[in-house]
Protein chains: 4
Amino acid sequence: MSFVSPIRVKRGMTTSGLAKQMEAVQVLGPGRFGKAVRILSEMFGDQQCCKMLSIAGPIVPGGLRNVLVDLVEKNLINAIVTTGANVTHDMLEGLGHRHIVGSETDNDETLRRKGLSRIYDLLVKQKSIEHLERSTRHMLDRIPVEERRNIATFELLWHFGTQLKDKESLLSVSSKRRTPVFCPGIFDSMLGLDLWTYSQLNPLFINPFKDFSKLVNLSYESKRVGAIVLGGGMPKHHVLIANSYRGGVDAAIQITLDRPEGGGASGAPLEEAISWGKIRRRDSLVTLVGDALVLFPIMTLAALENSGK
Amino acid sequence: MSFVSPIRVKRGMTTSGLAKQMEAVQVLGPGRFGKAVRILSEMFGDQQCCKMLSIAGPIVPGGLRNVLVDLVEKNLINAIVTTGANVTHDMLEGLGHRHIVGSETDNDETLRRKGLSRIYDLLVKQKSIEHLERSTRHMLDRIPVEERRNIATFELLWHFGTQLKDKESLLSVSSKRRTPVFCPGIFDSMLGLDLWTYSQLNPLFINPFKDFSKLVNLSYESKRVGAIVLGGGMPKHHVLIANSYRGGVDAAIQITLDRPEGGGASGAPLEEAISWGKIRRRDSLVTLVGDALVLFPIMTLAALENSGK
Amino acid sequence: MSFVSPIRVKRGMTTSGLAKQMEAVQVLGPGRFGKAVRILSEMFGDQQCCKMLSIAGPIVPGGLRNVLVDLVEKNLINAIVTTGANVTHDMLEGLGHRHIVGSETDNDETLRRKGLSRIYDLLVKQKSIEHLERSTRHMLDRIPVEERRNIATFELLWHFGTQLKDKESLLSVSSKRRTPVFCPGIFDSMLGLDLWTYSQLNPLFINPFKDFSKLVNLSYESKRVGAIVLGGGMPKHHVLIANSYRGGVDAAIQITLDRPEGGGASGAPLEEAISWGKIRRRDSLVTLVGDALVLFPIMTLAALENSGK
Amino acid sequence: MSFVSPIRVKRGMTTSGLAKQMEAVQVLGPGRFGKAVRILSEMFGDQQCCKMLSIAGPIVPGGLRNVLVDLVEKNLINAIVTTGANVTHDMLEGLGHRHIVGSETDNDETLRRKGLSRIYDLLVKQKSIEHLERSTRHMLDRIPVEERRNIATFELLWHFGTQLKDKESLLSVSSKRRTPVFCPGIFDSMLGLDLWTYSQLNPLFINPFKDFSKLVNLSYESKRVGAIVLGGGMPKHHVLIANSYRGGVDAAIQITLDRPEGGGASGAPLEEAISWGKIRRRDSLVTLVGDALVLFPIMTLAALENSGK
């Protein structure tokens, strides 16, 4: 029989010190948060563990772009699977555009007339999106035609990363370090529209099978794989399913506000993936109910402290 | 100033009669449910409105497969955008396999050993999935090589629909009626694994740009477009973004348990899409917070009554 | 091994017919909805089952007042435990005031200046609330002082029900039929403020122990008890805890949007109450994730059909 | 036009340093978290601000008891409004009992047979609860009869606090410091059952009007009032309604997983309370969607750093 051990908060404590206390609570949110920090710290400290990050939701425009960039720079993230939206917004910032502070009660018809598009309380100018279209066209032109006839999304995004002026963008850094950024739903984004438009007049064939082969090989060749799942959606499922060939990931943390009862993959507890062979064991897993945009930076700080990275 | 009008429930009342009363409440859940039934009824009654359905979550394995099949048969759904999982499960049933009743507290390691995989409290046999792999291979073999070298998902799924023995499957009926079923994330599913495996040894090149062209054309050529959004995910976003070329859909209903505050597209209110030009007006929109698996059959019954279909 | 049985929706079907099909799905939302309708129908059909209803959230102002009134009239609800807010709003309507249609994006500072108070997208005039204060004072004056010195909330609310002009109010009908309406948190509402103000100058002692004795006796003397839990909060917990003296309720249905992971009683699955001795068995229980304002009227219609009430 | 400013996480950073960066994001979860830390820091630093804490959900058994105790000791919490459950669990620990680590998938019928009761994944022994009953009886016996005939919950709980052996319990510390702990729903808890049982044979008359007078006076006499709302429920509403006599609280932060669309008070955004006169202004308010058990300790650490307390 194990007992709940209460927390004490004292000025001067580190974030990781607090997280360790929370792990000792063992139950409810604090127990899960503490466990998630421990698992993340172990991943960061394990050089033979391939850390795969899945991101859905406005992780990049919502302020976490540099958090991810620094982790890629430090080799603490080895592969990313993302939505088209996060890539779109990284490129927008990579082209010098910024995200604007709005409000979730803004009138959308008025915003439309003003040339602003909304993500909850965050705005982006239509003009920025138009600039992205022109830039994408130029960047595509610079990719050799032969390559464009059969290109994976991770290859395409490395090309974009190399061409972006902002060397701090997620794509630039990933490209420089050869960290693959997979985007299985790239077609379903503003960037995707630009790719489709381009393909109507120019040779461009994106081959998602090439992406999947790369991801499966990465998984297969890694001694250990850890999944860091921010939000649900296709990126979450994609990381897990790609690991089914090696018998599942070894460790995983998930942060989501989606709920399980509807039966969708986004809100499903990680344990469910064990029955599909996508995760190996139930002891190195944890699902945190919460907003990844809030919790992940805090967990990252604690895990950097713990792992000395 | 408009007033809330309370509901009265009497035995003998029809579902649509109750929904009409709920519309008169005007506020909170009842007002939204009543409005959603009205919008759905108007879509069903409007032959010049192209009804686009997006489905995410276990709509097909969770018992709603025949509801969708009947709507396609009656020409009340004109295009479907779905996750790979729903297609996978339709094919499983189309091959004669059934879904099994489990429990959300089942131990997943035990299930794994028993050859069962879990979606919340619903199970599927691994043997069924292995059968699907073999069948998919055979069905792919029967598609002319030339076609396989540049095929859209909707074309591929029509082929599968034609070849499935079960003529009541969603793919069979959609194929028979030439209703396109788009699956932009087809790579991210059990079926997707089978396609990828096949592509390693045989010519198979799926071209999502062809899908998008078809979907955009369908949207563009329709006098009116109505979106029926069950769950969020990529299918939701995909229907909406494809309609941005025509200035947005004319009407939309959304049923989801996802919440908006995290900023993800799944939980976003439909109004947000107005600022992106994906929806035209705010008066023919409604978001229902709830489980689509529960609410959509009830709404369908009411809308069939209202529209006489 | 039991299999999922899919739904078919046909025009002409009754609501209860659809619910029966949903029960056959057995899994996910449809299975739970169908089971909930069956349990509710059994409760309605069982004259020896004391039906206890708990309500939290804007059930009364949100349009369900008459649904409850009719159930009380038909003896299908035998006791109610409610928040102070629902009693407040029933009295407001009982005094002739109506609830106004607003919007969840209304500016609250502007509303305040206009004398309007908001519940999500529903408004109430401050003038109505002031009228309630005066009326409450007059109604209290008419209760004999001796009674006022030691009064239970159910006694107080019967007095109010008798004095309200609107004979269709929930309190009037409950008073006429001697159906107790318990309000353990009556102090925490606009009505509660009026009671407190009155008590500063006049004898008024509300004794919640009397309420609890009445509720426990009702539970104890009933052959069977069924709990209908709409929303969570104190009303939910109160119905369940009062039944712990008889070994728990025999059957229960719960409809809520609250989630379980935070550990609060509102979102807890009913099964948890078994470990506390508040519910007897796990076979006559069901938790529906959804909006009670939408689902309860539909379930009521189906259960009236099934029970012939 | 204001721009989103991205976060950077570096080892060695303090929790408050990270929170300040998150405030600069301004949007979505990070912006809200950062703002909440700032408001909490301002409250902590303002000696003329009466800090009122409302707690619902398993804050005490879930490991945060000492966090609250230390804040009361430091005069950073000046009044508490809580559910009966949190008081019950503080007394259990105050009597030497501990909470046990369980699992949310434990079988509740088995737990019942083993004499264990469950709160999500946390367990408590029935024997502990029986001990609480005997102790409560003895503690009540020691309160002068005259006082027992008309006692407020905050008075009763001070008595209990004085008599508990564990001087680190929330009630002991609150009693020692004369910080009132209000429990408007005390009847609705295991402790409430004990009080009711006692009242059947002994004079005990709890008067919630006395509580409300005390709370209103505290609010009225304070130069400024800040509300810290952990979870929703009656405690949240109670703090806010008591402040309506002074025109509302001056600042408030709320952490909850409940959602607004159902219209219940628990999930309502704080802004709504402005229309009721319970909050003064919209600029010192923030609602965080998340688990208070996880976020509050982190915010407390940051706010202690900022305020030097």
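List of remarks:
- Residues of segment B:1-34 that are part of a helix (DSSP H, G or I), in contact (Cβ under 8 Å) with a residue 40 or more places away in the chain and more than 7 Å from chain C (Cβ to nearest Cβ): B:16, B:19, B:32.
- Screening residue B:185 on (1) at the interface with chain A (Cβ under 10 Å from one of its Cβ atoms); (2) surrounded by fewer than 24 Cβ atoms within 10 Å (Cβ to Cβ); (3) not hydroxyl-bearing (Ser, Thr, Tyr) shows it passes everything except condition (2).
- Residue check, residue C:81 under 30 Å from residue D:276 (Cα atoms) and free of Cβ contacts under 8 Å to residues at least 24 places away in the same chain: no
- Hits in segment A:35-48 (condition: in contact with a strand residue (DSSP E or B) (Cβ under 7 Å, 6 or more places away or on another chain) and either part of a loop (DSSP other than H, G, I, E, B) or open to solvent by less than 10 Å² (accessible area, probe 1.4 Å) (or both)): A:36, A:39, A:40, A:43, A:46, A:48
- Single match in D:55, D:151, D:100, D:143 (criterion: of a type in the set (A, V, I, L, M), open to solvent by less than 20 Å² (accessible area, probe 1.4 Å) and at the interface with another protein chain (Cβ under 9 Å from one of its Cβ atoms)): D:100
- Selection of first residues in segment A:193-204 that are in a helix (DSSP H, G or I) and of second residues that are acidic (Asp, Glu), restricted to Cβ pairs under 6 Å at least 6 apart or on distinct chains, gives the following pairs, ordered by first then second residue: A:194/A:133.
- Residues that are open to solvent by 10 Å² or more (accessible area, probe 1.4 Å) and either of a type in the set (Ser, Thr, Tyr) or within 7 Å of chain C (Cβ to nearest Cβ) (or both) within segment B:71-84 comprise just one, B:83.
- Residues satisfying the stated conditions in segment B:285-309, i.e. of a type in the set (S, T, N, Q) and within 7 Å of chain C (Cβ to nearest Cβ): B:300
- Residues in segment B:104-128 that are of a type outside the set (A, V, I, L, M) and either in contact with a Phe, Trp or Tyr (Cβ under 9 Å, 6 or more places away or on another chain) or in a helix (DSSP H, G or I) (or both): B:104, B:108, B:109, B:110, B:112, B:113, B:114, B:117, B:118, B:126, B:127, B:128.
- The set of residues in segment D:163-172 that are in contact (Cβ under 8 Å) with a residue 12 or more places away in the chain, part of a loop (DSSP other than H, G, I, E, B) and open to solvent by 30 Å² or more (accessible area, probe 1.4 Å) comprises D:165, D:166, D:168.
- Restricting segment B:3-37 to residues that are among the charged types (D, E, K, R) and out of contact with any helix residue (DSSP H, G or I) (no Cβ under 6 Å at 6 or more places or on another chain), the residue that is farthest from residue B:78 (Cα to Cα): B:10
- Residue list for segment D:17-34, filter: open to solvent by 10 Å² or more (accessible area, probe 1.4 Å) and closer than 18 Å to residue A:11 by Cα: D:17, D:20
- Test: residue in segment D:230-248 that is touching a Gly at 6+ places or on another chain (Cβ under 6 Å), within 30 Å of residue A:16 (Cα to Cα) and surrounded by 23 or more Cβ atoms within 10 Å (Cβ to Cβ): yes
- Condition check for residue C:292: surrounded by 24 or more Cβ atoms within 10 Å (Cβ to Cβ) and either farther than 20 Å from residue B:104 by Cβ or touching a Cys at 6+ places or on another chain (Cβ under 9 Å) (or both): yes
- Each residue in segment C:1-20 was checked for being out of contact with any Pro (no Cβ under 6 Å at 6 or more places or on another chain) and under 17 Å from residue B:98 (Cα atoms), and 7 pass.
- Residues of segment B:204-220 satisfying the condition of being under 22 Å from residue A:210 (Cβ atoms) and open to solvent by less than 50 Å² (accessible area, probe 1.4 Å): B:204, B:205, B:206, B:207, B:208, B:209, B:211, B:212, B:213
- Condition met for residue D:223 (within 14 Å of chain C (Cβ to nearest Cβ), open to solvent by 30 Å² or more (accessible area, probe 1.4 Å), among the charged types (D, E, K, R) and out of contact with any Phe, Trp or Tyr (no Cβ under 6 Å at 6 or more places or on another chain)): no
- A residue that is assigned to a helix (DSSP H, G or I), open to solvent by less than 10 Å² (accessible area, probe 1.4 Å) and out of contact with any His (no Cβ under 8 Å at 6 or more places or on another chain) can be found somewhere in segment D:173-182.
- Taken together, the criteria exclude residue A:160 from residues that are touching a Lys or Arg at 6+ places or on another chain (Cβ under 7 Å), touching a residue at least 60 places away in the same chain (Cβ under 8 Å) and in a helix (DSSP H, G or I).
- Of all residues in segment C:115-135 being over 20 Å from residue C:59 (Cβ atoms) and out of contact with any Ser or Thr (no Cβ under 9 Å at 6 or more places or on another chain), the one that is most open to solvent (accessible area, probe 1.4 Å): C:127
- Every pair of residues 6+ apart whose Cβ atoms lie under 9 Å, when the first sits in segment C:91-119 and is farther than 26 Å from residue C:169 by Cα while the second is at pLDDT below 95 and of a type in the set (Lys, Arg): C:107/D:282; C:108/D:282; C:109/D:281; C:109/D:282
- Selection status of residue A:259, modelled with pLDDT under 95, at negative phi and open to solvent by 10 Å² or more (accessible area, probe 1.4 Å): no
- Filtered residues of segment C:49-93 (kept if part of a helix (DSSP H, G or I), small (Gly, Ala, Ser) and either in contact with a Lys or Arg (Cβ under 6 Å, 6 or more places away or on another chain) or closer than 21 Å to residue C:288 by Cβ (or both)): C:62, C:63
- Test for residue D:287: is it polar (S, T, N, Q), surrounded by fewer than 24 Cβ atoms within 10 Å (Cβ to Cβ) and out of contact with any Gly (no Cβ under 8 Å at 6 or more places or on another chain): yes
- Taking segment A:253-264 as the range and being at the interface with chain B (Cβ under 7 Å from one of its Cβ atoms) and hydrophobic (A, V, I, L, M, F, W, C) as the test, only A:257 passes.
- Filter pass, residue B:232 being farther than 26 Å from residue B:140 by Cβ and facing chain A (nearest Cβ under 10 Å): yes
- Some residue of segment A:275-283 being within 10 Å of another protein chain (Cβ to nearest Cβ) and free of Cβ contacts under 8 Å to residues at least 24 places away in the same chain: yes
The values are calculated or read from the model by the stated rules, or taken from the named source; none is laboratory data. Treat the numbers as computed from the prediction; the structure is a model and nothing was measured. As a convention, Cβ positions derive from the backbone with ideal geometry for all residues, glycine included, and neighbour counts pool all protein chains shown. Quick note on the areas: whole protein, heavy atoms, side chains included, nothing else; ligands and nucleic acids left out. Shrake-Rupley method; radii C 1.70, N 1.55, O 1.52, S 1.80 Å.
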